[in-house]
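What follows is one structure encoded as structure tokens, with my remarks underneath.
The values are calculated or read from the model by the stated rules, or taken from the named source; none is laboratory data. Quick caveat, the model's predicted, so the values are computed rather than measured. Here the Cβ positions follow ideal geometry from the backbone for every residue, glycine too, while neighbour counts run over all protein chains shown. Heavy atoms of the whole protein, side chains included, go into the accessibility calculation; ligands, DNA and RNA do not. Shrake-Rupley method; radii C 1.70, N 1.55, O 1.52, S 1.80 Å.
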Amino acid sequence: MNNIKTPQTGARIVILTGAGISQESGLETFRDPDGIWAKVRIEDVATPEAFARDPERVHAFYNMRRKRAATLDLKPNAAHMALAALEQKWPGEVLVVTQNVDSFHERAGTTNLIHMHGRHAEARCNDCAHVVEWSGDMSLADVCQACGRAGGMRPNVVWFGETPREMDQIQSALLDCDHFISIGTSGNVYPAAGFVGLMRKLGCGHTVELNLEPSQGASLFAEAHYGPATEIVPRYVAALLEAV
Ligand code: BJW
């Protein structure tokens, strides 16, 4: 891997990840030709309006994805492992902000982690906002343990039109960051797609894209490396750690 600009020791690193980092673990991405949005319409399954209109359909979609992930016994891959090693060995703060609802980063050992689009393994009550861990199917018959109401349990994920999680913490991490790395995301969905532009506008750090192919915002990154995440992420992390 040529032309890597390594951050100074102690630099604060923020890493944004998307579906591409989990693709080689066996999960579908959203916008690739065989991706999730080629099979179902966003308006039918990934908006609060869809859940209000046809909650059974939305439950069926997420039950199917939860079941698939569990039965295939999917595992974190070399890219997730490399980011966990970076957090452990880098002499400065490393924050991973993931758009992914899977649990591969935490299973790989990353601890400083924000799930900005929520987590698949959680349910939230639409009536009282109580959040619980969830592994099996979800249905309208499920009762919230906190408020006792039925019908309102939903996947604790962020749908279009909803506010992503922990935006204040993410924004202040970006403002303080010296080195921003975007991995496996197409740059189609805001606010995450706007992070690189924000970094550029503030002039506050080096920006790097690691992806299979140039993303929508590719021209905004100062540095880019293209290839499968399991190859380029471990190589890129090794280069950063070599400089320590
Ligand atoms: C590989 C690889 C390999 C493949 N190795 N790489 C008009 C203009 C601007 C914005 C808007 C607008 N109209 C509406 C909006 C806002 C809207 C939005 O962005 N819409 C766009 C479609 C235009 N955004 C929202 O509504 C968000 N909320 C919001 O903005 O609130 C306002 C607010 C903002 C800030 C502060 C306060 C308030 C919410 C967005 C919610 C997104 N939800 C989903 C579903 C989650 C649940 C679920 O899983 O079902 O999140 S949609 C889906 O897209 C999912 C993902 O996290 C997200 C991003 O996708 P990602 O990860 O980039 O995947 P792909 O498939 O797109 O790309 C994969 C990439 O990997 C590709 O580049 C491949 O090449 C690459 N790749 N294999 C390396 N092996």
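If you check MET199 against the conditions, is it aliphatic (A, V, I, L, M), surrounded by fewer than 22 Cβ atoms within 10 Å (Cβ to Cβ) and farther than 25 Å from PRO33 by Cα?
So MET199 does not fit the description; no.
Hey, does segment 186-199 have a residue that's in contact with a Ser or Thr (Cβ under 6 Å, 6 or more places away or on another chain) and at positive phi?
Among the residues of segment 186-199, at least one is in contact with a Ser or Thr (Cβ under 6 Å, 6 or more places away or on another chain) and at positive phi, which makes the answer yes.
For GLU223, state whether it is open to solvent by less than 30 Å² (accessible area, probe 1.4 Å) and within 15 Å of the ligand (Cβ to nearest atom).
no
Please note which strands (runs of 3 or more DSSP E) are completely contained in segment 70-137 and include at least 1 residues that are within 21 Å of THR6 (Cα to Cα).
Once the strands (runs of 3 or more DSSP E) in segment 70-137 are filtered for at least 1 residues that are within 21 Å of THR6 (Cα to Cα), what remains is 94-98.
Only residues that are at negative phi, more than 9 Å from the ligand (Cβ to nearest atom) and open to solvent by less than 60 Å² (accessible area, probe 1.4 Å): list them for segment 147-169, please.
CYS147, GLY152, MET153, ARG154, ASN156
Of everything in segment 19-55, what is charged (D, E, K, R) and near the ligand (Cβ under 9 Å from one of its atoms)? Give them in sequence order.
Of everything in segment 19-55, those that are charged (D, E, K, R) and near the ligand (Cβ under 9 Å from one of its atoms) turn out to be GLU24, GLU28, ARG31, ASP32.
Could you look through segment 202-212, keep only residues that are more than 13 Å from LYS5 (Cα to Cα) and over 18 Å from the mean Cα position of the chain (by Cα), and pick out the one that is surrounded by the most Cβ atoms within 10 Å (Cβ to Cβ)?
If we take residues in segment 202-212 being more than 13 Å from LYS5 (Cα to Cα) and over 18 Å from the mean Cα position of the chain (by Cα), then CYS204 is surrounded by the most Cβ atoms within 10 Å (Cβ to Cβ).
Out of ARG149, ARG124, ARG154, ARG165, which single residue is closer than 19 Å to HIS59 by Cα and out of contact with any Lys or Arg (no Cβ under 8 Å at 6 or more places or on another chain)?
Among ARG149, ARG124, ARG154, ARG165, only ARG149 is closer than 19 Å to HIS59 by Cα and out of contact with any Lys or Arg (no Cβ under 8 Å at 6 or more places or on another chain).
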